[in-house]
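The values are calculated or read from the model by the stated rules, or taken from the named source; none is laboratory data. Computed from a predicted structure; not experimentally measured. Ideal geometry is used to build each Cβ from the backbone, glycine not excepted, and the neighbour counts take in all protein chains shown.
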Amino acid sequence: MKKIVLAGMMAALCAAPVYAADAQKGQNGQKAQGGEQQARPSREVTAALNELAKVPKFRDAVNELVYSATMSMPVVLIPGYAKAAKTMRPDQASDKYGREVRQITAAAGTVAQDPAVAAETQEKLLALMGKRLGAEDIARITAFYRSPQGAATLTVLPEGVAQEAMDVAQDVLKPRVQAVIGQQKQPAGKKK
């Protein structure tokens, strides 16, 4: 019964103030208007994010997030499955989607074992934080996660806060899982 452990980090994102004034002034390396392309975070924000990435429990939380995203791949990749899972009896859903669910879950499990998946997910999560928080806030979050209380927070907070984090992990996993499924569907002699 693994849950989204990264909810603690995402809770900090949601609970921490978003620095709109900084963003408007460009202090976080962003442009003020929503439709404009965003620039890279400032050196200070980047340095603070690099420190956060070194926190062992943060890396563990990213791995847990990847695992949770892996288990949700059938809902993401099978059209109609999410609705069917809510409206059908489990045996009906299993009859209709069982083979596909098993195939996707197996492929996602294979993909999730690749260390590059966790690394890319972490990189994208850090970029998400860099868009929303200033260097000082990220440094405070890092100090908190290095404390015993912060480390515990990363392992015990309830799921539900981390939808954006889940979306990031699914974005990383989805094309890889689809590629593995595509390879599995090719005849034995025609694999690349």
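Remarks
- Residue that is nearest to Asp167 (Cα to Cα) [pool: residues in the range 103-126 that are without any contact (Cβ under 8 Å) to a residue 12 or more places away in the chain, assigned to a helix (DSSP H, G or I) and not charged (D, E, K, R)]: Ala119
- Test: residue in the range 100-107 that is among the hydrophobic types (A, V, I, L, M, F, W, C), at pLDDT below 80 and more than 30 Å from Gly134 (Cα to Cα): no
- Checking each residue in the range 71-102 for being surrounded by 15 or more Cβ atoms within 10 Å (Cβ to Cβ), hydroxyl-bearing (Ser, Thr, Tyr) and farther than 21 Å from Ala169 by Cβ picks out only Tyr97.
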